[in-house]
Amino acid sequence: MGPITLLGAVDPVWVAFLSPELASRMQFGWTISVHIIFASLSIGLAPFIIYFTWKDVRTNEQQYVRLRSFWVRVFAAGFVMGTVTGIPMSFQFGTNFPQFSEVAGELIGGPLAFEAKMAFFLEAVFLGVLLYGRDRVGDRIYVISSVLVGFGAWLSGFWILIVNAWMQTPRGYEMVTRNGMDVAKLTDPFAAFLTPRMPWMYVHMMNASVIAVALLVAGVSAYIVWKKPDTEAWNTALKLAVVLLIISAPFQAVHGDAYGRHVEDTQPQKFAAMEAHYETGQADLHLLAFPKSPVALTDPRAENLVTVSLPAVGSFLASGGDFDAEVIGLNEYEENPPVALVFWSFRFMVGLGFLFIGLALWGGYLTYRGRLSDSTRYLKAMIAASPFGYAALLTGWYVTEIGRQPWVIQGELKTSEAVSSTLTGAEATLTLVAFVVLYVGLILTALYILKWLVREELRSLGLRESSGDRWHGPIPWVSSDD
Amino acid sequence: MTDPLLPVDAYLVESLPEIWFGAVLFSLGMYVVLDGFDFGIGMLYATRTDERERETFLAAFGPVWDANEVWVVAFGTMLLAAFPRVYSRLLADNYLLALGFVVALVFRGLGPELREQRDDERWKRYTDYAFIGGSVFAPLLLGMLAGRWLFGGATLPVALTGVGLVAVSIVTGAAFLAAKTEPGLASELRPYGIGATLAYLGGVVVLLGTVVLTDAGGAADAVLSLPVAAVVALSVAVGLGGSVLARRGRYRAWLANALALPTLLTILVAILLYPTIYPPTGLLVREAVVSPLALNLVTVLGFPVLLLVLWYFKFLYGVFSGPIEGEGYGG
């Protein structure tokens with residue numbers, strides 16, 4: 001893509017602005033990246049919240065009161081961030097991609113409306129009860145509220161992924177002309193909602209959220225345990241997070257492997273981009289890839305990569321058993337997604353996935369030996385790893401979404417055709433800049449809130465300000481000078 | 001590919017597109033009524049300097065605002081589900097207004113949330129600016145968006161619609177707070193509520209007069225109709241009646257009256273829209289609506305849930321009914 005296609009108008013006054021298409025895509029990508037962090041925080045925290053609330057009400061033990069109130073506050077802050085970043089998402093389908101909304105309205109409008117009515121209201125209403133209603137409702141209603149909030153988060157994921165899965169493997173519609181425009185008409189609701197991609201995507205995303213939050217909970221717990229080793233509550237939380245990680249991290253690898261085969265079946269172009277496979281023919285499986293030269297970062301190809309590969313195994317996996325099977329290469333297509341972004345995002349995600357399995361097994365071994373909270377090295381590793389679940393989740397979505405390009409609806413509508421024709425480069429660039437500034441502030445604020453909550457928690461555990469080791473790491477919410 | 005469960009070629013009932021037009025506007029109305037008093041609380045917050053009073057305001061708003069705000073998502077997604085062309089054109093044609101509105105909502109939502117996180121004067125001042133600014137601009141820009149929906153590009157009617165929504169939000173905010181706080185604070189808020197009522201009623205008359213005189217968006221004929229006259233007369237009666245109740249200190253009755261104003265406003269919007277659904281483009285409800293199967297589906301799956309949602313709200317407001325207990329926002 002040269003600079004000419006990046007810049008919209010030729011008029012020199014406007015040349016500083018991005019084209020409406022590029023700005024819209026960047027804006028949607030950026031705002032959804034920020035939003036999904038908070039959405040998956042709700043999904044991943046749900047099991048923790050329900051468990052802590054239930055234990056708190058049942059046992060009345062101080063440690064569960066502590067854990068419940070801490071994580072409900074994190075959940076609440078995350079939910080507010082999720083709401084305020086979610087509303088722009090529901091508007092941007094119309095503001096930036098009106099052709100997409102109009103073409104796909106019958107297919108995506110229903111699930112989006114169900115998400116709002118079935119899930120968002122449930123979460124928002126019962127979170128109000130969970131946050132403010134401890135003294136106003138009975139124990140049972142209080143626990144049920146926590147379950148409903150968690151259920152709402154998982155249900156919201158269900159409906160929104162129906163929309164996204166339909167964009168990957170559209171089914172259950174026919175194209176008709178309405179008001180002079182070709183639009184998709186719903187013909188089969190079951191086929192349209194339960195597309196081939198849907199079960200894969202739902203399981204993978206829900207589990208990714210659990211992994212990301214388990215790592216976050218483990219990191220926060222490890223930090224507090226490191227500072228205050230005799231805390232009962234946070235040792236419990238750490239152990240719980242590690243157990244959840246032992247289940248979810250290996251499962252994600254096994255599931256992801258099968259998911260990859262499904263992508264090869266249904267979106268061969270995306271699969272080829274994930275593997276930077278250009279020539280149609282037998283495909284190797286690249287287990288590891290390193291760039292030989294800087295060029296490989298922007299244009300990964302077999303020639304400029306050092307790979308650890310299993311010859312012909314790509315064919316074997318994609319075809320389900322045939323080493324000689326032909327895998328379609330990128331050269332077959334007129335227009336391809338940005339291969340480098342897809343290829344490296346995929347490797348980044350997979351690499352992190354294996355790192356999480358390693359951390360889970362290490363934690364399992366330490367738990368088995370009864371030394372989980374004694375190993376300073378493990379605690380420090382978990383603190384350092386706490387943001388990486390999110391990094392894996394985001395790069396996984398980059399594979400999915402950037403890998404679908406140039407299509408917004410696979411095989412039906414191109415992203416370039418979906419962008420608003422009335423939008424100017426100036427408007428689009430202005431709002432893009434505004435969202436970047438605003439959301440950077442928002443993320444920093446979220447990190448500060450977490451930091452303040454942790455600091456407050458340490459104080460309430462009776463930790464003196466100066467005690468403990470000092471942390472000199474990259475994680476902004478831990479800083480030892482508080 | 002027929003689906004035996006739902007009619008494919010015919011709407012469940014003949015008037016289903018019109019029912020959905022009503023349902024979409026009902027969601028908009030719920031939003032304007034419920035988040036409207038949240039905006040009002042945010043604007044009246046600017047008149048308070050006492051920390052304790054500010055905390056009381058936030059406590060009134062804390063448990064419910066997030067749920068109230070979801071109605072705008074319900075409105076947007078229901079519009080998309082039933083009338084995708086209107087959703088697309090309305091938002092794309094009013095790009096900066098629509099995104100300005102959601103950005104205002106970001107500030108409004110984050111302000112109180114962040115305020116509670118630190119005990120620091122300067123921090124509280126900045127987060128209060130965000131809360132107040134968001135609470136002013138969200139109804140202003142949403143009202144302007146509604147003005148563009150009804151009247152197209154005409155500047156004065158669009159601006160007046162925005163200001164009108166701001167004024168009516170102050171009315172409901174003041175009445176809500178008066179009903180939920182102690183009498184001393186309530187009587188201090190009363191003048192703002194009554195002033196905003198008069199400003200709102202005057203604004204509506206000026207707005208409709210302007211539309212008739214300039215025929216903005218070709219809406220003059222629609223305005224000069226019996227239903228519009230009835231709604232305006234009813235608004236005046238309710239507004240003045242509410243103000244009298246407020247002066248007598250009957251705040252719960254005032255609240256009931258005050259909440260009728262944004263309800264009537266939404267009904268006015270519905271009358272001015274119908275039978276088109278995007279007057280500046282001349283698009284009719286029947287032209288914009290999705291195919292029978294799609295609409296039948298969202299009806300069968302969505303309407304029962306909508307009733308459930310109304311029950312949630314009854315439950316939520318029941319739990320947090322009565323005078324505000326305690327202070328603060330952080331739970």
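The values are calculated or read from the model by the stated rules, or taken from the named source; none is laboratory data. It should be emphasised that the depicted structure is a prediction, and the values quoted were computed from it without experimental measurement. Here the Cβ positions follow ideal geometry from the backbone for every residue, glycine too, while neighbour counts run over all protein chains shown.
Of everything in the stretch B:111-132, what is in contact with a Gly (Cβ under 8 Å, 6 or more places away or on another chain) and assigned to a helix (DSSP H, G or I)? Give them in sequence order. Answer for the stretch B:111-132, where residues must be in contact with a Gly (Cβ under 8 Å, 6 or more places away or on another chain) and assigned to a helix (DSSP H, G or I): B:111, B:112, B:127, B:128, B:129, B:130, B:131, B:132. Here is the figure for the stretch A:414-427: residues that are surrounded by 17 or more Cβ atoms within 10 Å (Cβ to Cβ) and at the interface with another protein chain (Cβ under 8 Å from one of its Cβ atoms) total 3.
Take residue A:381 and decide whether it is surrounded by fewer than 20 Cβ atoms within 10 Å (Cβ to Cβ) and either assigned to a helix (DSSP H, G or I) or hydrophobic (A, V, I, L, M, F, W, C) (or both). Yes: the conditions hold for residue A:381. Among the residues here, residue A:30 qualifies as within 14 Å of chain B (Cβ to nearest Cβ), under 19 Å from residue A:164 (Cβ atoms) and part of a helix (DSSP H, G or I). Of all positions in the stretch A:33-44, none carries a residue that is without any contact (Cβ under 8 Å) to a residue 12 or more places away in the chain and surrounded by fewer than 24 Cβ atoms within 10 Å (Cβ to Cβ). Taking first residues from the stretch B:214-229 that are more than 18 Å from residue B:264 (Cβ to Cβ) and in contact (Cβ under 8 Å) with a residue 40 or more places away in the chain and partners that are surrounded by 14 or more Cβ atoms within 10 Å (Cβ to Cβ) and among the acidic types (Asp, Glu), no Cβ contact under 9 Å between residues at least 6 apart in sequence or on separate chains turns up.
Exactly one residue out of A:76, A:23 is modelled with pLDDT under 90 and more than 18 Å from the chain's Cα centre (by Cα): that is A:76. Scanning the stretch A:261-272 for residues that are touching a helix residue (DSSP H, G or I) at 6+ places or on another chain (Cβ under 8 Å), modelled with pLDDT of 90 or more and in a helix (DSSP H, G or I) gives A:262, A:263, A:266, A:269, A:270, A:271, A:272.
Among the residues making up the stretch B:109-162, those that are within 30 Å of residue B:268 (Cα to Cα), in contact (Cβ under 8 Å) with a residue 12 or more places away in the chain and β-branched (Val, Ile, Thr) are B:132, B:136, B:158, B:161. Here residue B:97 clears all of (1) within 9 Å of chain A (Cβ to nearest Cβ); (2) more than 14 Å from the chain's Cα centre (by Cα); (3) over 22 Å from residue B:112 (Cβ atoms) except the condition numbered (1). Considering only residues in the stretch B:25-61 that are surrounded by fewer than 24 Cβ atoms within 10 Å (Cβ to Cβ), in contact with a helix residue (DSSP H, G or I) (Cβ under 8 Å, 6 or more places away or on another chain) and of a type in the set (Gly, Ala, Ser), the one that is farthest from residue B:193 (Cα to Cα) turns out to be B:29.
In this structure, residue A:140 does not qualify as within 11 Å of chain B (Cβ to nearest Cβ) and either out of contact with any Gly (no Cβ under 8 Å at 6 or more places or on another chain) or free of Cβ contacts under 8 Å to residues at least 40 places away in the same chain (or both). Kindly evaluate residue B:183 against the criterion of being surrounded by 22 or more Cβ atoms within 10 Å (Cβ to Cβ) and in contact with a helix residue (DSSP H, G or I) (Cβ under 9 Å, 6 or more places away or on another chain). Against the criterion (surrounded by 22 or more Cβ atoms within 10 Å (Cβ to Cβ) and in contact with a helix residue (DSSP H, G or I) (Cβ under 9 Å, 6 or more places away or on another chain)), residue B:183 does not qualify. Kindly evaluate residue A:254 against the criterion of being part of a helix (DSSP H, G or I) and buried (at least 21 other Cβ atoms within 10 Å of the Cβ). In short, no. Every condition in (1) closer than 30 Å to residue B:65 by Cα; (2) away from chain B (no Cβ under 12 Å); (3) more than 23 Å from the chain's Cα centre (by Cα) is met by residue A:154 except one, and the failing one is (3).
Residue-wise test of (1) assigned to a helix (DSSP H, G or I); (2) modelled with pLDDT under 95.
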residue: B:266; (1), (2): yes, no
residue: B:305; (1), (2): yes, yes
residue: B:314; (1), (2): yes, yes
residue: B:321; (1), (2): no, yes
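In the set (1) more than 7 Å from chain B (Cβ to nearest Cβ); (2) of a type outside the set (A, V, I, L, M); (3) surrounded by fewer than 23 Cβ atoms within 10 Å (Cβ to Cβ), the condition left unmet by residue A:133 is number (1).
List every residue pair whose Cβ atoms lie under 9 Å apart, where the two residues are 6 or more positions apart in sequence or sit on different chains, the first residue falls within the stretch B:295-319 and is more than 7 Å from every other protein chain (Cβ to nearest Cβ), and the second residue, located anywhere, is hydroxyl-bearing (Ser, Thr, Tyr) and surrounded by 15 or more Cβ atoms within 10 Å (Cβ to Cβ). What qualifies is B:295/B:11; B:296/B:11; B:299/B:11.
Checking the stretch B:4-21 against the condition returns no match, with no residue being modelled with pLDDT of 95 or more, buried (at least 24 other Cβ atoms within 10 Å of the Cβ) and either among the β-branched types (Val, Ile, Thr) or closer than 30 Å to residue B:119 by Cα (or both). Please indicate, with yes or no, whether at least one residue in the stretch A:413-421 is in contact (Cβ under 8 Å) with a residue 40 or more places away in the chain, under 18 Å from residue A:36 (Cβ atoms) and not in a helix (DSSP H, G or I). No, every residue in the stretch A:413-421 fails to be in contact (Cβ under 8 Å) with a residue 40 or more places away in the chain, under 18 Å from residue A:36 (Cβ atoms) and not in a helix (DSSP H, G or I).
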